[in-house]
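Encoded as structure tokens, the structure appears first; notes follow it.
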Amino acid sequence: MLKERIENHLKEPGNEIYKEEKEFAEKHQLLSNAESVIVKNPETRFANAYIERGNKETEEVLSQETPDFLNQPIDYFVKNIKEFMYLESEWFGIIGADAISFEFDDLFRTYDVMLGLKLPKKKAETIRSYLKRTLQGDSATFDLMFNQQDGLWELNFALDDLEGFKEDMTINDAYNLIYRYLFLLAETIEEVN
């Protein structure tokens, strides 16, 4: 799945990728010696993303945002506790995610990540094992449920439990950390096949 998606991406004009995709392509010999790729700055990964802020209670769209919104510190959501953020990116297709929502949970005092994963139902044990092994902290938990109707895994976890999390990171940094984590999940599932 991941290998095929990266191969297809490398066939597109421009050959622009990021660190995660390049490392995977080199590891799996997807690049010829003559093939040159441009490794982009991770700060630009979500430059073309579709971003909305919404009301957590009503799910009403409050505003469609430009990528500049991603430069806000994540504590924006502590200060605006009734809001959540929804982000769609072309890069999510590579890792099998549809879109990723982000908010601050005022009860548990954590930054919550919510998404749908387009992975086969039969990969349940591999997904659960990866999450249990890689989420940090004594109270690290996650919610993982297969939605039969949509054919997606609904996954929720706390950003706070990811290695590399920092209280002072920007929203862009948070989404890059989430992307890398999900990329490594996709890579783990690829290798277990």
**Message:** On a full-extension model of 0.36 nm per residue, what is the gain between Thr44 and Asn156, subtracting their alpha-carbon distance, rounded to one decimal in nm?
**Reply:** 37.8 nm
**Request:** Return the sequence-ordered ³J(HN,Hα) values of segment 9-15 in whole Hz as given by the Karplus equation 6.51 cos²θ - 1.76 cosθ + 1.60 applied to θ = phi - 60°, using x for Gly and Pro.
**Result:** 5, 5, 7, 6, x, x, 6
**Prompt:** Using modelled backbone amide H atoms (1.01 Å from N, in-plane), which distant-in-sequence or interchain residues come within less than 5 Å of Asp112's amide H?
**Reply:** Glu103, Phe104, Asp105, Leu159
**Dipole axis of segment 1-148 (+1 Lys, Arg; -1 Asp, Glu on Cβ), positive-most option in Pro120, Ser89, Asn147** = Pro120
**Request:** Can you list which of the GluC sites (Glu not before Pro) found in segment 128-193 are DSSP loop residues with at most 13 other C-beta atoms within 10 Å?
**Result:** Glu163, Glu167
**Prompt:** Rounded, prolate or oblate: which fits segment 86-126, taking a ≥ b ≥ c as square roots of the Cα gyration tensor eigenvalues, rounded meaning a/c under 1.5, else prolate when a/b beats b/c?
**Reply:** oblate
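For Glu16 and Thr66, FRET efficiency with R0 = 22 Å and r from the beta-carbon atoms, rounded to 0.05?
Values: r = 21 Å, r/R0 = 0.95.
According to the calculation, E is roughly 0.55.
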**Item:** Rg(Cα) / (2.2 N^0.38 Å) computed for segment 1-91, rounded to two decimals
**Value:** 1.42
**Request:** For Lys56, enumerate residues with amide H under 5 Å from its amide H, sequence gap 5+ or separate chain, H modeled in the peptide plane.
**Result:** Glu83, Phe84
**Prompt:** What does the chain give for Rg and for Dmax, in Å, if only its C-alpha atoms count?
**Reply:** 16.9, 54
**Complete:** Placing each pseudo-label 7 Å from Cα in the direction of the beta carbon, Glu191 and Arg133 end up separated by a distance in nanometres of 0.7
**Asked** What is the magnitude of the charge dipole of the chain about its Cα centre, with +1 placed on the Cβ of each Lys and Arg, -1 on the Cβ of each Asp and Glu, and no other charges, expressed in debye to the nearest 20?
**Response** 600
**Message:** Run the Debye formula on the Cα coordinates of segment 55-163, all scatterers equal and no solvent, and tell me log10 I(q)/I(0) at q = 0.11, 0.19 1/Å.
**Reply:** -0.39, -1.14
**Complete:** Sequence order, segment 56-69: Karplus ³J(HN,Hα) from phi using 6.51 cos²θ - 1.76 cosθ + 1.60, θ = phi - 60°, Hz rounded, Gly and Pro as x, gives 4, 6, 9, 6, 5, 6, 8, 6, 8, 10, 8, x, 4, 4
**Message:** How large is the accessible surface of Val37 in square angstrom, using a 1.4 angstrom probe and rounding to the nearest 10?
**Reply:** 30
**Complete:** Pairs over 21 Å Cα to Cα, from Lys19/Lys132; Lys19/Lys121; Lys11/Lys122; Lys3/Lys118, come to Lys19/Lys132; Lys19/Lys121; Lys11/Lys122
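The values are calculated or read from the model by the stated rules, or taken from the named source; none is laboratory data. Since the structure is predicted, the reported quantities are computational estimates derived from the model, not experimental observations. Cβ sites come from the backbone with ideal geometry, for glycine too, and all protein chains shown count toward neighbours. For accessibility, only protein heavy atoms count, side chains too; no ligands or nucleic acids. Shrake-Rupley method; radii C 1.70, N 1.55, O 1.52, S 1.80 Å.
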